[in-house]
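The values are calculated or read from the model by the stated rules, or taken from the named source; none is laboratory data. What you see is a predicted model, and the numbers here were worked out from it, not measured in a lab. Don't worry about glycine lacking a Cβ; one is built from the backbone with ideal geometry, like all the others, and counts go over all protein chains shown. These accessible areas exclude ligands, DNA and RNA; they are computed on the full protein's heavy atoms, side chains included. Shrake-Rupley method; radii C 1.70, N 1.55, O 1.52, S 1.80 Å.
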Amino acid sequence: MTITGRIAFSITLIINMPIPHISAANYNEDKVPKYNLIDPLKMRDGSPVTSTEDWERKRRPEILNLFREHVYGHSKKKPSGLKFKVIQNDSTALGGIAIRREVLITFARNEETPEASLLIYLPKGKNGPFPTFLTTNFYGNHTISSDPGISITRSWVRNEKKWGIKNNKAGEQSRGVRQSRWAVEKILNRGYALATIYYGDIDPDFDDNFSNGIHKLYGKPKPNDWGSIATWAWGLSRCLDYLENDNDINAKKVAVMGHSRLGKTALWAGAEDERFALVISNNSGCGGAALSRREFGETVKRINTSFPHWFCDNFTKFNDRVNELPVDQHLLISLAAPRPVYIASATEDKWADPKGEFLSAYHASPVYELFNLKGLTSPKQPKSDHSVGHNIGYHIRTGKHDVTDFDWEQYLNFSDLHLK
Ligand code: GCU
């Protein structure tokens, strides 16, 4: 096994092991500690936020900076060496219903820095420029569809025996293995383009003391500098830099979407980059949509221990004192305002605290109301498989931690309201 392989293997072992100094996850609503949530419409110094100008000029920057400083870390500016090259454009993709385009993104001339491949599907026979879903994926672009024309990633990938992924190298065996999570045809039929990038092209997802991926270009982060989630979000912004120059894309109508750790990433990308017109978080849980103060399912301490590279080091200071965090995740959702945001949970995804995800969305509502937009009006979680909300959308789907056609159906309906 290569060194990277060994590291990744040990990490898989560590994540699956009980962590002795961390108490077992709480799944009992009666044991959720009492907590007070921070008022989104009150400055840290206690002064009230009474206008949209106050929000835009003072409170939003204050909250954003707190998240940068204590949770995700400060990101870097876009690199001067950033370059895009269209490496394929095939108008016979997916049985002729799509144009498949691939764009090679390079970040610097230095050969040791990563390069990323942005895969774009455009609906054929429809008039663009198209509103677009931009997302990160877990195992490589070639896993989202069995389309034989998608290039296989050359970056580090997590080993997965069932798909024949060994030595952290992807191959033909994993083509299309994740297609159930990507309603590609449905998205195209509804008149949207789909753009996706493999997150490992930006930063391989294991703790290597920040020496690989994009960190290599910028050096080892300080305790308040970007962890991996922030780098993945930054990667999405670099994709948007490209999309702004693609005539087939309506770059003013790009929805950023992600699942799980990549749902956390989508929320942070939407917070950092207001060019994203709409934000969608699917089953993002702790460090995503779920309220940290509820300590239900995965906790801040647990996530910082299992995934020390995801957040900035400062976040670990709050492992045992989440109540002292100067933010909670409803404030992350509020950073999307006044843009539409959609949060989705799944009934069996207790680890991600579905109720905490819903409450975050609910408690972001006052910010939308400040803009005269309707937030979520009831603090009661809606019944399963039923989408609610206009500017803040929410549903809890029956089933497990996953992305299904039902989820995509809701995202498409919600996007139709705002991007069409
Ligand atoms: C783990 C992790 C979660 C994360 C999930 C995923 O379960 O604890 O925080 O959302 O992986 O990204 O698949």
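Taking the range 287-296 as the search range and keeping residues that are hydrophobic (A, V, I, L, M, F, W, C) and open to solvent by less than 10 Å² (accessible area, probe 1.4 Å), which one is farthest from the ligand (Cβ to nearest atom)?
Filtering the range 287-296 for residues hydrophobic (A, V, I, L, M, F, W, C) gives 289-291, 296.
Retained after the next criterion (residues that are open to solvent by less than 10 Å² (accessible area, probe 1.4 Å)): 289-291.
Details: Ala289: 10, Ala290: 9, Leu291: 14 Å.
The selected residue is Leu291.
If you go through the range 333-367 one residue at a time, how many are among the hydroxyl-bearing types (Ser, Thr, Tyr) and without any contact (Cβ under 8 Å) to a residue 60 or more places away in the chain? Before the answer, list the steps.
Within the range 333-367, the first condition is being among the hydroxyl-bearing types (Ser, Thr, Tyr), and the residues that meet it are 334, 342, 345, 347, 360, 362, 365.
If we keep only those that are without any contact (Cβ under 8 Å) to a residue 60 or more places away in the chain as well, we get 347, 362, 365.
The number of residues fulfilling the criteria is 3.
Go through the range 109-127 residue by residue and tally those that are open to solvent by 40 Å² or more (accessible area, probe 1.4 Å) and either in a strand (DSSP E or B) or farther than 12 Å from Leu217 by Cβ (or both).
First, the residues of the range 109-127 that are open to solvent by 40 Å² or more (accessible area, probe 1.4 Å): 109-112, 115, 124-127.
Now drop any that are not either in a strand (DSSP E or B) or farther than 12 Å from Leu217 by Cβ (or both), which leaves 115, 124-127.
Residues in the range 109-127 being open to solvent by 40 Å² or more (accessible area, probe 1.4 Å) and either in a strand (DSSP E or B) or farther than 12 Å from Leu217 by Cβ (or both): 5 in total.
What's the total number of residues in the range 265-296 that are of a type outside the set (A, V, I, L, M) and over 30 Å from Phe130 (Cβ atoms)?
To start, the set of residues in the range 265-296 that are of a type outside the set (A, V, I, L, M) comprises 265, 268, 270, 272-276, 281-288, 292-296.
From the residues that got through so far, the ones that are over 30 Å from Phe130 (Cβ atoms) too are 285-287, 292-296.
Number of matching residues: 8.
Considering only the range 303-319, I want to know if a residue exists there that is of a type in the set (Gly, Ala, Ser), in a loop (DSSP other than H, G, I, E, B) and either crowded, with 19+ Cβ neighbours inside 10 Å or near the ligand (Cβ under 10 Å from one of its atoms) (or both).
No.
How do the pairs read when you match residues in the range 227-255 that are open to solvent by 10 Å² or more (accessible area, probe 1.4 Å) with residues anywhere that are among the polar types (S, T, N, Q) and part of a helix (DSSP H, G or I), using Cβ under 9 Å and keeping only pairs 6 or more apart or on different chains?
Lys253/Ser415
Go through Val300, Val279 for me and flag whichever is of a type outside the set (Gly, Ala, Ser), more than 13 Å from the ligand (Cβ to nearest atom) and modelled with pLDDT of 95 or more. Don't jump to the end; show me each part of the working.
Working: Val300 fails: more than 13 Å from the ligand (Cβ to nearest atom).
Of Val300, Val279, the one residue that is of a type outside the set (Gly, Ala, Ser), more than 13 Å from the ligand (Cβ to nearest atom) and modelled with pLDDT of 95 or more is Val279.
Yes or no: Ala337 small (Gly, Ala, Ser), open to solvent by less than 10 Å² (accessible area, probe 1.4 Å), in a loop (DSSP other than H, G, I, E, B) and more than 14 Å from the ligand (Cβ to nearest atom)?
Details: small (Gly, Ala, Ser): yes; open to solvent by less than 10 Å² (accessible area, probe 1.4 Å): yes; in a loop (DSSP other than H, G, I, E, B): yes; more than 14 Å from the ligand (Cβ to nearest atom): yes.
When the stated conditions are applied, Ala337 passes them.
Are there any pairs with C-beta distances below 9 angstrom linking a residue in the range 134-152 that is without any contact (Cβ under 8 Å) to a residue 40 or more places away in the chain to a residue that is among the polar types (S, T, N, Q) and within 16 Å of the ligand (Cβ to nearest atom), with the two at least 6 apart or on different chains, and if so which?
Thr143/Asn137
I'm told Ile197 meets every condition in (1) at pLDDT 95 or above; (2) open to solvent by 10 Å² or more (accessible area, probe 1.4 Å) except one. Can you identify the failing condition by its number?
All conditions pass for Ile197, except number (2).
Kindly provide the set of residues from the range 149-167 that are assigned to a loop (DSSP other than H, G, I, E, B) and open to solvent by less than 40 Å² (accessible area, probe 1.4 Å), ordered by number. Reasoning before the result, please.
Filtering the range 149-167 for residues assigned to a loop (DSSP other than H, G, I, E, B) gives 149-159, 164, 167.
Scanning the range 149-167 gives Gly149, Ile150, Thr153, Ser155, Trp156, Val157, Gly164.
Considering each of Leu417, Leu370 in turn, give the residue that is more than 24 Å from Thr135 (Cβ to Cβ) and either open to solvent by 10 Å² or more (accessible area, probe 1.4 Å) or among the β-branched types (Val, Ile, Thr) (or both).
Numbers: Leu417 fails: more than 24 Å from Thr135 (Cβ to Cβ).
After ruling out the rest, the residue left standing is Leu370.
State all residues of the range 226-261 that are charged (D, E, K, R) and touching a helix residue (DSSP H, G or I) at 6+ places or on another chain (Cβ under 8 Å); if no residue qualifies, say none.
Start the filter on the range 226-261 by keeping residues that are charged (D, E, K, R), which leaves 238, 241, 244, 246, 248, 252-253, 261.
Those that are charged (D, E, K, R) and touching a helix residue (DSSP H, G or I) at 6+ places or on another chain (Cβ under 8 Å): Lys253, Arg261.
Looking for whichever is at pLDDT 95 or above, of a type in the set (Asp, Glu) and either under 16 Å from the mean Cα position of the chain (by Cα) or within 16 Å of the ligand (Cβ to nearest atom) (or both) here; the options are Glu357, Glu369, Glu324. Which one fits? Let's see the steps before the verdict.
On the way: Glu369 fails: either under 16 Å from the mean Cα position of the chain (by Cα) or within 16 Å of the ligand (Cβ to nearest atom) (or both); Glu324 fails: either under 16 Å from the mean Cα position of the chain (by Cα) or within 16 Å of the ligand (Cβ to nearest atom) (or both).
So the residue among Glu357, Glu369, Glu324 that is at pLDDT 95 or above, of a type in the set (Asp, Glu) and either under 16 Å from the mean Cα position of the chain (by Cα) or within 16 Å of the ligand (Cβ to nearest atom) (or both) is Glu357.
Suppose the filter is without any contact (Cβ under 8 Å) to a residue 24 or more places away in the chain, in a helix (DSSP H, G or I) and loosely packed, with under 13 Cβ neighbours inside 10 Å; does Asp30 pass it?
Values: without any contact (Cβ under 8 Å) to a residue 24 or more places away in the chain: yes; in a helix (DSSP H, G or I): yes; loosely packed, with under 13 Cβ neighbours inside 10 Å: yes.
Yes, satisfied.
Among the residues of the range 185-205, which ones are of a type in the set (Phe, Trp, Tyr) and in a helix (DSSP H, G or I)?
As a first pass, look at the range 185-205 and keep what is of a type in the set (Phe, Trp, Tyr): 192, 198-199.
Tyr199 - this is the single residue of the range 185-205 that is of a type in the set (Phe, Trp, Tyr) and in a helix (DSSP H, G or I).
Can you find a residue in the range 396-407 that is of a type in the set (A, V, I, L, M, F, W, C), under 12 Å from Tyr342 (Cβ atoms) and away from the ligand (no atom under 16 Å from the Cβ)? Even if it seems obvious, please write down each step before you answer.
If we filter the range 396-407 for residues that are of a type in the set (A, V, I, L, M, F, W, C), which is where we start, we get 396, 403, 406.
Subset that is under 12 Å from Tyr342 (Cβ atoms): none.
No, the range 396-407 has no match at all.
Quick check on Phe371: is it closer than 30 Å to Arg57 by Cα and free of Cβ contacts under 8 Å to residues at least 40 places away in the same chain? Spell out how you get there, then give the answer.
On the way: closer than 30 Å to Arg57 by Cα: yes; free of Cβ contacts under 8 Å to residues at least 40 places away in the same chain: no.
No: the conditions fail for Phe371.
Report yes if Ser345 is within 18 Å of the chain's Cα centre (by Cα), assigned to a strand (DSSP E or B), of a type in the set (Gly, Ala, Ser) and buried (at least 24 other Cβ atoms within 10 Å of the Cβ), otherwise no.
Details: within 18 Å of the chain's Cα centre (by Cα): yes; assigned to a strand (DSSP E or B): yes; of a type in the set (Gly, Ala, Ser): yes; buried (at least 24 other Cβ atoms within 10 Å of the Cβ): yes.
Considered against the rule, which asks whether it is within 18 Å of the chain's Cα centre (by Cα), assigned to a strand (DSSP E or B), of a type in the set (Gly, Ala, Ser) and buried (at least 24 other Cβ atoms within 10 Å of the Cβ), Ser345 comes out as yes.
So, Asp203, is that one within 16 Å of the ligand (Cβ to nearest atom), more than 11 Å from the chain's Cα centre (by Cα) and acidic (Asp, Glu) or not?
Values: within 16 Å of the ligand (Cβ to nearest atom): yes; more than 11 Å from the chain's Cα centre (by Cα): yes; acidic (Asp, Glu): yes.
Answer is yes for this residue.
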